[in-house]
């Protein structure tokens, strides 16, 4: 029996990937014997899949500069619905295999990409973009490490102008990073083989993480005839659009493609555009905000609660906040600093209640000890900026009086001398003065 | 009491003339007495008595569930029954106990029916004799009938050899025998190429094959998914209609069932056939058809005509291709459906541990008989990439042509088709086994399997006894989803022909003759 949610997910994914949704699609049985395939066949869509001819756009960085990106496209050959098999756990020690059938029969979506990519990085980027799309749609959490998204790479090499070479299939890839590595190492291996006069076998290989290269998989030998046969228990899948919907049709029994299209959530590419327009941030920042799970939401929550400029928020989130996360290898949702806390901190900074140096200190403290608010930390550590303009003027005056040589240096045109004065004033005010304000006062006093 | 129809005994239960427990015990006792027929693989005595008890409670409170409440029924052993061994008469599933009920079984139980047991069949429903199962062949109760014995001029007592017993036909032979021998009032069979109608004809009972998609296949261990249907075997057409009313309708667990729910119905009695048009397909006049059957067929046609119906000759031009077409499609689906039996999750598993492949091979060789293995090999051959177009696709196209033959005929105003069900009466076992399963199936399915390819409803109704005193049945084929109309016409016909009741009195009353036959039976089984 067909699972409605699976069909809806397939249609959503097909639409998001610019595919043509086939209003009629068929199911087939693909036969082979394997311990994790309890029926001896897998139900799939070999003859006529649910969606075809789509495209996936992704941005690759050119060179070292993060701001130079170009958009590439990989064509989507088809999307098909099929059944999952069980899971095999190999116990080499006891020469046995344990079979977990819990996921056997569960619905899968297979997205087949055309061979339009030419290196590991392109593939990894395309896959990451696909992950973001699937997550935005809600059709999959697409976590490779947890097997929610499984990627197999088909790699071949050829001279320009010649047809595609013999391909190998690389499996057992549990992250985009290793996907890229595996592809690049396989490309290298194939080139090496061919340059040494050998041939590439059309085989399945597995990526060995320790060795950093691909190895042939022993148990998938020979070409199999899958004896495809139409699945007799599943009638052809018919989908409708608003035009073709039969009148009086039970909504429980039909799927309307237009209805789904109207309700598609915002896709990553649209989100990035919107962020640029809405907050005036740079494209590469927009990119970075979407690249980390939960980061965009964090960012948007901070924006909601702060008066600080979006550019400021972006800088803090992408540089300082993300920096701390990466250092301790944490996910966004594991952050000890909440969006509210950061927002409060940025508010303090914005109305110049504290200096940016102080702000960084506060942030560190927020990170270390939970439960305290930025305001609390500021008052505990006495990090408030001096608000008393007169007191600051006096302090400046005192320092100037006490260091006539430095004053002379400044007047003589030494650009670094003023920093020394600023430093002295800061020391005198126990770092509670805003260096910008100090500089402004000093410059005023020192001008003829 | 056991000789009554379902409807009659149901009335008796409601009126308190007999209690469900008494009825159940009578049937159980008769099952024991007729054990030599080998109709049952499993007799679910405890379960049956418990169900009878519950039914009795309901009747006492005046809250019976309906016409099937307390009625003993039997189910062919290829339907999954929760907690009761389901073997498909194969070593592969010996000891397999399903955790759920097939939808049709559940529906019967929900109506209060009492499950007497699981009936015998050809292994995995492949065959036309009910002779090729892992639990031995089923014997046709008519072998021991007065009518047959008298014609054979043999004494019912003192026979040294029971070697002349007759087959039931197949593959639902156990169900047909169970109903014919009065051990239950209705039985479920399955029909893929005639497996319900064929044994019904040989055992003198009504065998009904519903339209494909009318009755759920969920829980029916599949043979050919695009042709299988659950079949109903009863002693009269009216009883079959009662059961159909309970079973038909949409099942969300079977995507090939029609969307509409179906309500139980009372079969109206037809009195006037003058508005009917009966079609006689000329291609069904096969040269192998026995003279007797041909004559009964002819008489039946005349009967309709004499009562005012229009009887015309029609043509189903692609009939001659249907056997081959059926074989290609049937074996292909069989090869696919049997792939799940690998010994890993359930059923038989061999002792070999060397490798998975070796384990599969040995398990499947040990678990399946050569009929099943033969069909799997043939099916896989047809599904190979290089053969798919020429065999499978071609056969599908021919199937369409065959189905269209029927559509054209029905569109031209024909209401039902009248054909023989089998070529002749039941054969003696020793004669039958002279040819292999495949040959026999090809011969015996000739009138029945085109119906499965077209998904139409059909029913075999016992007509009369042959010169040898054996039942002969005739088949009515109806339009798709016009099952009620088909049964209405069949009921009229049944009333006209007044088929005699099987006389097994000696069996039921005379203890000595039973034990005599039991002894003989055990001798012949060893043989």
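Tell me which helices (runs of 4 or more DSSP H) are completely within the range B:414-505 and hold 1 or more residues being modelled with pLDDT of 95 or more, or say none if there are none.
Values: elements: B:429-432, B:437-444, B:449-454, B:483-497.
Once the helices (runs of 4 or more DSSP H) in the range B:414-505 are filtered for at least 1 residues that are modelled with pLDDT of 95 or more, what remains is B:449-454, B:483-497.
Of all residues in the range B:269-308, which are in contact with a strand residue (DSSP E or B) (Cβ under 8 Å, 6 or more places away or on another chain) and more than 30 Å from residue B:469 (Cβ to Cβ)?
Across the range B:269-308, the qualifying residues are B:276, B:277, B:279, B:282.
Can you tell me which residue in the range B:3-22 is farthest from residue B:71 (Cα to Cα), limited to those that are in contact (Cβ under 8 Å) with a residue 60 or more places away in the chain and not in a loop (DSSP other than H, G, I, E, B)?
Selected residue: B:7.
Identify the single condition in (1) more than 14 Å from every other protein chain (Cβ to nearest Cβ); (2) surrounded by 19 or more Cβ atoms within 10 Å (Cβ to Cβ); (3) not in a loop (DSSP other than H, G, I, E, B) that residue B:324 does not satisfy, given that it satisfies every other one.
Only one criterion is unmet by residue B:324, namely (2).
Which members of the range B:177-218 meet the condition of being at positive phi and surrounded by 24 or more Cβ atoms within 10 Å (Cβ to Cβ)? Full working, then the answer.
First, pick out the residues of the range B:177-218 that are at positive phi: B:182, B:194, B:204, B:213.
B:182, B:194, B:204, listed by residue number.
Of all residues in the range B:147-163, count the ones that are at pLDDT 85 or above and surrounded by fewer than 24 Cβ atoms within 10 Å (Cβ to Cβ). Spell out the reasoning first.
Here is the first cut: in the range B:147-163, the ones at pLDDT 85 or above are B:147-150.
Still in the list and also surrounded by fewer than 24 Cβ atoms within 10 Å (Cβ to Cβ): B:147, B:149-150.
The total comes to 3.
What single numbered condition from (1) touching a strand residue (DSSP E or B) at 6+ places or on another chain (Cβ under 6 Å); (2) surrounded by 19 or more Cβ atoms within 10 Å (Cβ to Cβ); (3) away from every other protein chain (no Cβ under 14 Å); (4) within 30 Å of residue B:336 (Cα to Cα) fails to hold for residue A:154?
(2)
Please work out which residue is farthest from residue B:352 (Cα to Cα), limiting yourself to the range A:87-111 and to residues that are surrounded by 15 or more Cβ atoms within 10 Å (Cβ to Cβ) and more than 14 Å from chain B (Cβ to nearest Cβ).
The residue in question is A:111.
Looking at (1) under 22 Å from residue B:244 (Cβ atoms); (2) part of a helix (DSSP H, G or I); (3) away from chain A (no Cβ under 14 Å), which is the one condition that is false for residue B:408?
(1)
Helices (runs of 4 or more DSSP H) wholly in the range B:354-393 with at least 1 residues that are at the interface with another protein chain (Cβ under 10 Å from one of its Cβ atoms) and either touching a strand residue (DSSP E or B) at 6+ places or on another chain (Cβ under 7 Å) or within 13 Å of residue B:333 (Cα to Cα) (or both) - which ones?
On the way: elements: B:356-367, B:370-383, B:385-388.
The helices (runs of 4 or more DSSP H) meeting that bar are B:370-383, B:385-388.
What is the number of the single condition among (1) assigned by the TED database to the domain that holds residue A:336; (2) modelled with pLDDT of 80 or more; (3) exposed (fewer than 13 other Cβ atoms within 10 Å of the Cβ) that residue A:369 does not meet?
Unmet condition: (2).
Do we have any residue at all in the range A:186-206 that's touching a residue at least 60 places away in the same chain (Cβ under 8 Å) and either buried (at least 17 other Cβ atoms within 10 Å of the Cβ) or away from chain B (no Cβ under 14 Å) (or both)? Give the derivation first.
First, the residues of the range A:186-206 that are touching a residue at least 60 places away in the same chain (Cβ under 8 Å): A:187.
Subset that is either buried (at least 17 other Cβ atoms within 10 Å of the Cβ) or away from chain B (no Cβ under 14 Å) (or both): A:187.
Taking every residue of the range A:186-206 in turn, at least one turns out to be touching a residue at least 60 places away in the same chain (Cβ under 8 Å) and either buried (at least 17 other Cβ atoms within 10 Å of the Cβ) or away from chain B (no Cβ under 14 Å) (or both).
Restrict the check to the range A:224-233 and report whether at least one residue is at pLDDT 90 or above, crowded, with 19+ Cβ neighbours inside 10 Å and more than 14 Å from every other protein chain (Cβ to nearest Cβ).
For the range A:224-233, residues at pLDDT 90 or above, crowded, with 19+ Cβ neighbours inside 10 Å and more than 14 Å from every other protein chain (Cβ to nearest Cβ): absent.
Out of the residues in the range A:1-25 meeting the condition of being within 13 Å of another protein chain (Cβ to nearest Cβ) and not in a helix (DSSP H, G or I), tell me which one is surrounded by the most Cβ atoms within 10 Å (Cβ to Cβ).
Going through the qualifying residues, I end up with A:2.
With the condition kept exactly as written, say whether any residue in the range A:68-76 is more than 14 Å from every other protein chain (Cβ to nearest Cβ) and surrounded by 20 or more Cβ atoms within 10 Å (Cβ to Cβ).
So the first thing to find is which residues in the range A:68-76 are more than 14 Å from every other protein chain (Cβ to nearest Cβ), and the list is A:68-76.
Within this subset, residues satisfying the condition of being surrounded by 20 or more Cβ atoms within 10 Å (Cβ to Cβ) are A:74, A:76.
Looking through the range A:68-76, at least one residue is more than 14 Å from every other protein chain (Cβ to nearest Cβ) and surrounded by 20 or more Cβ atoms within 10 Å (Cβ to Cβ).
Given the criteria part of a loop (DSSP other than H, G, I, E, B), surrounded by 15 or more Cβ atoms within 10 Å (Cβ to Cβ) and in contact with a helix residue (DSSP H, G or I) (Cβ under 9 Å, 6 or more places away or on another chain), does residue A:302 qualify? First the steps, then the outcome.
Working: part of a loop (DSSP other than H, G, I, E, B): no; surrounded by 15 or more Cβ atoms within 10 Å (Cβ to Cβ): yes; in contact with a helix residue (DSSP H, G or I) (Cβ under 9 Å, 6 or more places away or on another chain): yes.
No; evaluated as a whole, the condition is false for this residue.
Quick one: which strands (runs of 3 or more DSSP E) lie wholly within the range A:26-66 and hold at least 1 residues that are without any contact (Cβ under 8 Å) to a residue 60 or more places away in the chain?
Details: elements: A:28-31, A:41-44, A:51-61.
Of the strands (runs of 3 or more DSSP E) lying wholly inside the range A:26-66, those with at least 1 residues that are without any contact (Cβ under 8 Å) to a residue 60 or more places away in the chain span A:41-44, A:51-61.
For residues in the range B:61-97 being surrounded by fewer than 24 Cβ atoms within 10 Å (Cβ to Cβ) and without any contact (Cβ under 8 Å) to a residue 40 or more places away in the chain, which is farthest from residue B:18 (Cα to Cα)?
The qualifying residue farthest from residue B:18 (Cα to Cα) is B:97.
Mind listing whichever residues of the range B:55-101 are under 24 Å from residue B:133 (Cβ atoms) and not in a loop (DSSP other than H, G, I, E, B)?
Once the filter is applied, which keeps residues that are under 24 Å from residue B:133 (Cβ atoms) and not in a loop (DSSP other than H, G, I, E, B), the range B:55-101 yields B:72, B:73, B:74, B:75, B:76, B:79, B:81, B:84, B:91, B:92, B:93.
The values are calculated or read from the model by the stated rules, or taken from the named source; none is laboratory data. Everything numeric here is computed off the predicted structure, so don't read it as measured data. Every residue, glycine as well, gets a Cβ built from its backbone with ideal geometry; the counts of neighbours run over all protein chains shown.
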